[in-house]
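Report on the structure given below.
Read-outs: derived from the displayed coordinates by stated rules, not from any lab. Here the structure is a predicted model, which means the values were calculated and not measured. Positions of Cβ are generated from backbone atoms using ideal geometry, with glycine treated the same way; all protein chains shown enter the neighbour counts.
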Amino acid sequence: MNRKVVVALMSLLFVGSANAYVVNTNGFAFGSSWDNPSSNVDTVLNSLQDEAGDNLTLNMISAETWSGIGATSVILEELAGYKNNTTFGWYEQGTNNFNQIFAGADGKGKSAVIDFGSMMDIGFYINPNGRAANRMFTESDRNTHDDVQVAVFKVEELVDTYILGWEDLDLNGGNGGDRDYQDMIVRVQIAQVPEPGTVALLGLGLLGLVLARRKQANS
């Protein structure tokens, strides 16, 4: 793995886990879940909190693709009948090169670090109930009927961090979907190429460690 990729992805691991969320839906109206009639992605996110207890502001945005060299991902919640089968992954924009991140057996709290291999434009997808034939994308024009199957929120206090809330039924299909967007909720943080100074500092630190070890060996 490229050293710059390693530095960027490792730095993401030290960003705090999910805190209390304050959600701004920008007027978007969610439905109520068939699985839990009192909830949707808005109410679920507002209820999530960890031991840090800090508020994080989520603004719903229209982003569909992202640019970076990698990402970290964590499942925040899954509230759906398909949750034990639905998979999540990423793809390079304009291609059918699909790369799975989470398997159906992966549940709440499961995390992963992904290396894209180089700087590229990527989107994310789910396979509802594990079925690739029903695949849904962050790019709405790749979905059946150009549906918006994912609600995207930007975490304002964290760099390049987003929350994706998925609706796992085709909104204009036979089942219609309940528009709760809580069937799989994933937080992703996109890794950018580190600043040259960061890489230089890492190199100096490694050089100092090598010299110290040599000094100890010769003493």
Would you mind checking which residues have amide H under 5 Å from Val193's amide H? H placed 1.01 Å from N; only 5 or more apart, or other chain.
Ile69
Peptides 153-163, 98-108: what's the order by average Cβ count within 10 Å, highest mean first?
153-163, 98-108
Give, rounded to the nearest 20 debye, the magnitude of the charge dipole that region 115-174 has about its Cα centre when Lys and Arg contribute +1 at Cβ and Asp and Glu contribute -1 at Cβ.
260
Which value in nm describes the separation of the simple spin-label points at Asp141 and Phe98, placed 7 Å from the Cα toward the beta carbon?
2.1
Counting only DSSP loop positions in region 42-144, the GluC sites (Glu not before Pro) whose Cβ has at most 13 other Cβ atoms within 10 Å are Glu51
Sort Ser38, Ser118 so the one with the fewest other Cβ atoms within 10 Å of its own Cβ comes first.
Ser38, Ser118
Based on other C-beta atoms within 10 Å, arrange Lys110, Lys83 from fewest to most.
Lys110, Lys83
Set of region 142-164 residues, backbone N closer than 11 Å to the point 7 Å along the Cα-Cβ line of Asn59:
154-157
Exposure-ranked with fewest Cβ neighbours within 10 Å first, Val152, Val22, Val74 stand as Val22, Val74, Val152
Residue separation times 0.36 nm, minus the C-alpha to C-alpha distance between Ser118 and Ser47: what's the value?
21.9 nm
